[in-house]
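Please treat every number below as a calculation from the coordinates, not as lab data. Here the structure is a predicted model, which means the values were calculated and not measured. A quick note on method: Cβ atoms are made from the backbone with ideal geometry, for glycine too, and the neighbour counts reach across all protein chains shown.
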Amino acid sequence: MPTLELTVNGTQRTVEVRNRTLLVEMLREHLGLTGTHVGCDTSQCGACVVLVDGVSVKSCTMLAVQAEGAAVTTIEGLANGAGLHPMQEAFREHHGLQCGFCTPGMVMSAVDLANRNPDPSEHEVREWLEGNLCRCTGYHNIVKAVQAGARAMGGAS
Amino acid sequence: MIRPAAGGAAQAPEALSVVGRRMRKVDGLAKATGRARYTDDIALPGMLHGKILRSPHPHARILAIDTSRAAALEGVHAVVTGRDMPTTYGIIPWTPDEHPLCVDRVRYVGDGVAAVAAVDEDTANAALELVEVAYEELPAYLDPHDAIAAADGPFIHEPRKPGRNGNVTKVVKLAFGDVEAGIAAAREEGGVVVEGDYFFEGTTHTPIEPHCAIGLADASGKLTVWSATQVPHYLHRELARVLELDPAMVRVVQPPVGGAFGGKSEPFDLEFCVAKLSMITGRPVKILYTREEVFYSHRGRHPFHMRYRTGARADGVLAAVDAEIVMDGGAYASFGLVTTYYSGQLLTAPYQMPAYRFHSTRAYTNKPACGPKRGHGSVQPRFAFEVQLDRIAEALEIDPIELRRRNALGEGTRTVNDLRVTSNGFLECLAMVEDASAWRRKFRRLPYGRGVGVAGSTYISGTNYPVYPNDMPQSAVQLQVDRSGRVAVFSGASEIGQGVDSMVAYVVAEELGVPLDHVRVFAGDTDFTPVDLGAYSSRVTFMLGNACIDAARRVKRQVQKVVAEAWDAKPQEVLLAGGLAVRAGDTGTQMPIREAFNLAEAAFGALGATGSYDTPKDVHGSYRGATIGASPAYSFTAHVAEVEVDPETGFVDVVQIWIAHDCGRALNPVLVEGQMEGSAYMGFAEAIMEEQIFKTADQGRAGLHNAPSLLDYRIPTSLDTPALRSLIVESIDPEGPYGAKEAGEGPLHPSIPAIANAIYDAVGVRMNALPFSPPRVWRALQAEAARTPAARSAATPAAVS
Amino acid sequence: MEDFQYHAPGSVDAAVSLLRDAEDGKVVAGGMSLLPLMKLGLAAPGGLVSLGKVSGLDGIADRGSEIEVGALCTHAQVAAAEIVRERIPALAAMAEGIGDAQVRNRGTIGGSVAHNDPAADYPAACLALGATIATDRREIAADDFFLGMFFTALEEDEVITAVRFPVPTRAGWAKFPNPASKYAVAGVMAADGPAGVRVAVTGASGDGVFRVAEMEAALASSFEPASVAGVSVSAEAMLSDDAAGPEYRAHLVTVMAKRAVEEA
């Protein structure tokens, strides 16, 4: 089995996977990082979004071997030792989550947006989140949370 | 008679210190950090993976199943078939027509036939391919009318009584008042009678979390099942019954659920299979549905074929309503008996009807079983009826909001079918959406392509009776107070994202005066929580909230008594709030709540209480079926939707929905708004894009799901979803906890007819069939243009004064 | 998903030779087209040759009369590139409308073109703009490249290195997406450029991307929305699914063509 070296949430990891192992399978099953969820088999729902080298990707549609040498950040690594990342705080504060299943992917996707655009408009947020499906909230509070989180991130850096 | 409030509804808002404030959810932190553990996140040592073999045929007899090759495959630990679990079950005890795995007949493409447990998913999948099943295909029914017409069979189910049609689950015919006289009067007195045919396409819940279950039978014979269910108690009962276990030896654990919407509200094949496979292997077994299997498990919105006849007098006041409904139930009964009643019973508010009749028939078809989806049974008729009202308003030249106002039922009354209505904030809902949407400036006044529409609705706050007859409480909690000042609440209710655990914490914090983060809610484990019947029919806030108040006030009385003695005061002078016990009118006299608890424990022994709630039984009529639809309280809703129709493509852009909802009292307005937005979104989704449809024989394979994936089944994204504006109306129900009623299902209903009515306002076509997808709207526009060549140029229909 | 051999060579040449040696080998870049098919069991290559470690294929260059887009450029890169936005805004708009943000972050132009999904957006842009597809061994005109659904002129071991788009005088893009998959129900690029006036349609036909001669002729005489508004395509060749039947799709082609011209 191929041995893969990569950085996950700031820690250098060496993982044995098969070529066909998906990135999300490696995260959930090999590394026990179950905060990244899987909601579909066809790359639509976005519950599995993580950052690879800072860019949001659907980890169900990427092979683990394709992440060789990369830096992967999951919801568990986002706060980086702090209590909560500003985007997580914003989702919690603005009731941007109900069942919470889409939340990790939603938050990771939003962080990527905020890194590109520190003050996104409502429309920009809605366009960016097209690949993250939520079935509970009607997106209303998610959009509010992402805007607030992006502003807080800008303020923090 | 309205019973005195169990929940202290009469309390003035200023007397409340927690309830009514905008607060965070108690589980927000775990969910925002990825630390919430859903069922599939659980991995137990030695766990096996299970898979279920599913039928490729819509209807066939099982002649033989050979599992020997599968069982012999290396890594396979067990294979089971229907014969290993021959007891039938069904969520409604009168219609047990399902087996965990099919025994001698498959009834839809996707019906479970055999299950395997293996060391990993690949091996399990490989083993499925080695299971050999010999089928004899039977004629398949895909249309409910065909199924009903085949009165002599062949039947999808053997008739429960000889001579009955085995393709019919249930027929309900009920009549209240003289419908024909009402219709005749409407005709004679310058009124109007509107007739219409409507079709509501099936849709499915599509929670983002697929169903998942883990079974573990231990050496003592005790079975534990973890499951993403919204009904742990009913699952507990059915597991024991079907697997022939003593219920005392069964434990159901419900981890956080990643969305349900009614789609996880009865037992499913995977729960029985993980249990049985674990009982055989002695190892934990997990089954996680693929997204495709979620579509097969379904239990979603029934397709409804509806015909309505509605008569109104010249002043717009309703004279009679007559409905004929054929429901496409799919392969099994599910909640269908209830659905059939709900299709008629829940239409009788928020409008007064002097005469009402409905005739509903639920047919079996060879498709995945339909069941309860958010707004169970009443979303479809509401669509048809509110479009009927729009047509009446137009015919009588009355503004549609005014028409609804004239027909409003009022509070403290009974409906035509004898349901007791307590609080009712419908008129305020109408006024709020009228103002907020600038209705008067928009209705019939916007340019061609743009329009507004209105609709109203009602929904139950729980059902008056549990699904199996019993006289025990519908909901209960147990409360335990620690010497540290921390309060633990053991709640049987199911957190499925709606915020029930938070609601429990708010109520207990309110009553006992402890800080919110000193309330710990332990929920979803039948081994250490009292029974709550489940997260369905919008029952939880009303029932569990009252149970929490009951329990908390028992403890509170003890604390007040002992502190009052210490202060030489009256018990009612002891207030518990903000982490303190305070003497009323003398805030200088106070002690930390912990000390108060310690005094009470010293006086009474360990501090704790149980609390429960059961429904009042005098809230409905006495005719057969009168209990179904009866609820301790009803919520009311009104929506205005604004749409922009692209006449070239038929694409309907729903620009905004104004949602006014009477939830009695908002225990936490943030959560209520979240429910309103989520509901309106889901209604919008059904209106515009969702459809659970199946191939016909002409399209290749009869009964095959047309699109069992999110690649094809369309659910709205952030960009599709309209702006949503929530407007809370608080009618303060006399029996609700602090006056609260439901908020999670009612606000779905009006989205669909409000959008249909807005499309009419925009482009002058009546959309009588769902969804209002671009091709369908385009065809309607084409037909309208062919009928009246001037239609497209008739930019602005005359304004109604 | 079946397991497979996996290689991540450092050069195009190495990739080509690995492909040659592989049994039923496939190139993978972002994987946005291939991995979903593999997960559904619709593709089961014996070997995957990743271009992830190949450098030099992710640039966008202004070559005067042409814009050259490296095969590994993601849709997000093309959408954001100043050169593209200034010189062929229709191409940037098209790239911006592919899939969703995460698909655009991973999916590449080379992958999209090589895959030739009948509902993908890039084939329409290539055909309408008269692009040239450069490979490790030759240059192929878009007209000769797209041969039908999931079928191109590429040889088994051939690797796309770049796509070159002639800069048009004007071009416009309009797409009616499937709300679930975001693939085109009908997507049209109309362009007036060095290759003449061209109208290319994706998403509508089971045979993949196609041009509409009658629309091109009408636009050649007058490049106005009205020129194509009355031109319809035959419903017979149209795809049919639950997003749209053939007649509606044919109608959409006309509407989208009109709107593409409006955008130009």
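Taking GluC sites (Glu not before Pro) as exposed when DSSP calls them loop (any state but H, G, I, E, B) and at most 14 other Cβ atoms lie within 10 Å, what is the longest stretch of chain B free of them, the sites themselves excluded?
Numbers: sites that count: B:Glu74, B:Glu189, B:Glu244, B:Glu397.
Value returned for the longest uninterrupted segment is B:398-801.
Give me the Debye-computed log₁₀ of I(q)/I(0) at q = 0.04, 0.05, 0.10 Å⁻¹ for the protein assembly as shown, equal point scatterers on Cα only, no solvent, two decimals.
Result of the Debye calculation: -0.22, -0.35, -1.45.
Given points 7 Å out from each Cα along the Cα-Cβ axis, report the B:Gln572 to B:Ala149 separation in nanometres with one decimal.
Between B:Gln572 and B:Ala149, the simple spin-label model gives 7.0 nm.
Could you give me D for the stretch B:313-458, from Stokes-Einstein at 37 °C and 0.692 mPa s, where the hydrodynamic radius is the Kirkwood radius over C-alpha pairs? Units µm² s⁻¹, please. Working shown, then result.
Working: Rh = 16.8 Å.
In µm²/s, the coefficient rounds to 195.
Only Cα pairs under 8 Å and at least 6 apart count here; give the relative contact order of chain B as a rounded whole percent.
Details: 2133 pairs, mean separation 131.8, N = 801.
Taking the mean separation of contacting Cα pairs over the length of chain B, I get 16 percent.
If each of B:Lys222 and C:Asp143 carries a label point 7 Å out from its Cα toward its Cβ, how far apart are those two points in nm?
7.8
I need the Kirkwood Rh of the stretch A:86-156: take the reciprocal of the average 1/r across all distinct C-alpha pairs and report it in angstrom.
Details: mean 1/r = 0.0873 Å⁻¹.
That comes to 11.5 Å for the stretch A:86-156.
Taking a cut-off of 22 Å between Cα atoms, list the lysines near C:Lys26, but don't count ones fewer than 8 places away on the same chain.
Within reach: A:Lys58, C:Lys39, C:Lys53.
Binned at 10 Å from 0, what are the whole-percent values of the Cα-Cα distance distribution for the stretch A:49-95, short to long?
25, 45, 25, 5
Return the sequence-ordered ³J(HN,Hα) values of the stretch B:325-336 in whole Hz as given by the Karplus equation 6.51 cos²θ - 1.76 cosθ + 1.60 applied to θ = phi - 60°, using x for Gly and Pro.
10, 10, 10, 8, x, x, 6, 9, 6, 6, 7, x
What share of the DSSP beta bridges in the stretch B:198-316 is antiparallel, in percent to the nearest 5?
Details: 13 of 17 bridges.
The answer is about 75 percent antiparallel.
For B:Ala30 and B:Glu595, FRET efficiency with R0 = 25 Å and r from the beta-carbon atoms, rounded to 0.05?
Step by step, r from the Cβ atoms, then E = 0.20.
Under 17 Å from a point 7 Å along the Cα-to-Cβ line of B:Asp618: which residues of the stretch B:718-748 have their amide N that close?
In the stretch B:718-748, the label zone of B:Asp618 (backbone N under 17 Å from the point 7 Å along Cα→Cβ) covers B:734-736.
Can you check how the C-alpha radius of gyration of the stretch C:1-50 compares to 2.2 N^0.38 Å, as a plain ratio? Present the calculation step by step, with values, prior to reporting the outcome.
Values: Rg = 10.5 Å, N = 50, 2.2 N^0.38 = 9.7 Å.
Here the answer is 1.08, to two decimals.
Compute the distance in nm between two label points, each set 7 Å from the Cα along the Cα-to-Cβ direction, one at A:Glu5 and one at A:Glu29.
Each label point is offset 7 Å from its Cα along the Cβ direction, giving 2.5 nm.
Which whole-number percent is the relative contact order of the stretch C:39-117 (Cα, under 8 Å, 6+ apart)?
Working: 88 pairs, mean separation 20.5, N = 79.
Once normalised by length, the contact order is 26 percent.
Once R0 is set to 45 Å, what does the formula 1/(1 + (r/R0)^6) return for the Cβ-Cβ distance between C:Ala80 and B:Thr290, expressed as a FRET efficiency to the nearest 0.05? Please report the intermediate quantities before stating the final value.
Working: r = 36 Å, r/R0 = 0.79.
It comes to 0.80.
Given a cut-off of 24 Å, what percent of all Cα-Cα pairs of the stretch B:20-119 lie beyond it?
Working: 2351 of 4950 pairs.
Here the tail beyond 24 Å accounts for 47 percent of pairs.
What is the set of long-range amide H partners of B:Val655 at a cut-off below 5 Å, with H atoms built 1.01 Å from backbone N?
Excluding prolines and chain starts, which carry no amide H, the hits are B:Glu642, B:Val643, B:Glu644.
Looking only at the stretch B:221-237, which residues have a backbone nitrogen under 18 Å from a spot 7 Å from the Cα of B:Ala248 in the C-beta direction?
B:221-224, B:236-237
Can you return the lysines within cross-link range of B:Lys25? Criterion is Cα-Cα under 26 Å, with same-chain partners fewer than 8 residues away left out.
A:Lys144, B:Lys264, B:Lys373, B:Lys556, B:Lys741
Using a cut-off of under 17 Å, list every residue of the stretch B:435-460 whose amide N is near the label point 7 Å from the Cα of B:Gln656 along the Cα-to-beta-carbon line.
B:435-447, B:450-455
Just to verify a number: FRET efficiency for B:Ala71 and B:Asp698, C-beta to C-beta distance, R0 = 51 Å, to 0.05? Before the final figure, lay out the partial values.
On the way: r = 40 Å, r/R0 = 0.78.
Working from the Cβ atoms, E equals 0.80.
Ordered by residue, what ³J(HN,Hα) values in Hz, to whole numbers, does the stretch A:139-152 give under the Karplus form 6.51 cos²θ - 1.76 cosθ + 1.60, where θ = phi - 60° and Gly and Pro are x?
Coupling constants for the stretch A:139-152: 6, 3, 6, 5, 4, 4, 5, 5, 4, 5, x, 5, 5, 5 Hz.
Working from the pairwise distances between different alpha carbons, so that the mean of 1/r is found and then inverted, what is the stretch C:170-263's Kirkwood radius in Å?
Its Kirkwood hydrodynamic radius stands at 12.9 Å.
Where the centre of each part is set by its Cα atoms, how far does the stretch C:76-120 sit from the stretch B:124-165, in angstrom?
With the stretch C:76-120 and the stretch B:124-165 each reduced to a Cα centre, they are spaced 48 Å.
Using the Karplus curve 6.51 cos²θ - 1.76 cosθ + 1.60 with θ = phi - 60°, work out ³J(HN,Hα) for each residue of the stretch B:126-133 in order, rounded to whole Hz, and write x for Gly and Pro.
Karplus-based 3J(HN,Hα) across the stretch B:126-133 equals 5, 5, 4, 5, 8, 7, 9, 10 Hz.
Along each of its three principal axes, how wide is the spread of alpha-carbon positions in the stretch B:699-777, in whole angstrom units, largest first?
Answer, in whole Å and largest first: 57, 33, 25 Å.
Which loop-located chymotrypsin sites (Phe, Trp or Tyr not before Pro) does the stretch B:492-561 contain, where loop means any DSSP state but H, G, I, E or B and the Cβ has at most 14 other Cβ atoms within 10 Å?
On the way: sites: B:Tyr506, B:Phe522, B:Phe528, B:Tyr536, B:Phe542; in loops: B:Phe528, B:Tyr536.
Listed in order of number, the matching sites are B:Phe528.
Largest first and in whole Å, give the semi-axes of the stretch A:3-74's equivalent ellipsoid, each being the square root of 5 times a Cα gyration tensor eigenvalue. If you can, show how the numbers build up before the last one.
Working: eigenvalues 61, 33, 23 Å².
Equivalent ellipsoid of the stretch A:3-74: 17, 13, 11 Å, largest first.
Extent of chain B along each principal axis, from alpha carbon coordinates, in Å, largest to smallest?
Cα extents, longest axis first: 85, 75, 49 Å.
Please list, or write none, the aspartates and glutamates whose alpha carbon is within less than 12 Å of the alpha carbon of B:Lys161, excluding same-chain residues fewer than 8 places away.
Within the straight-line cut-off, B:Lys161 pairs with nothing.
Please report, in Å, the Rg and the Dmax of chain C, where both are computed over Cα atoms only.
Reported Rg and Dmax, both Å: 17.8, 55.
For chain A, what does the alpha-carbon gyration tensor say about shape, rounded, prolate or oblate, given a ≥ b ≥ c as the root eigenvalues, a/c under 1.5 as rounded, and a/b over b/c as prolate? Could the numbers behind the result be given before it?
Values: a/c = 2.07, a/b = 1.60, b/c = 1.30.
Prolate, since a/c reaches 1.5 and a/b exceeds b/c.
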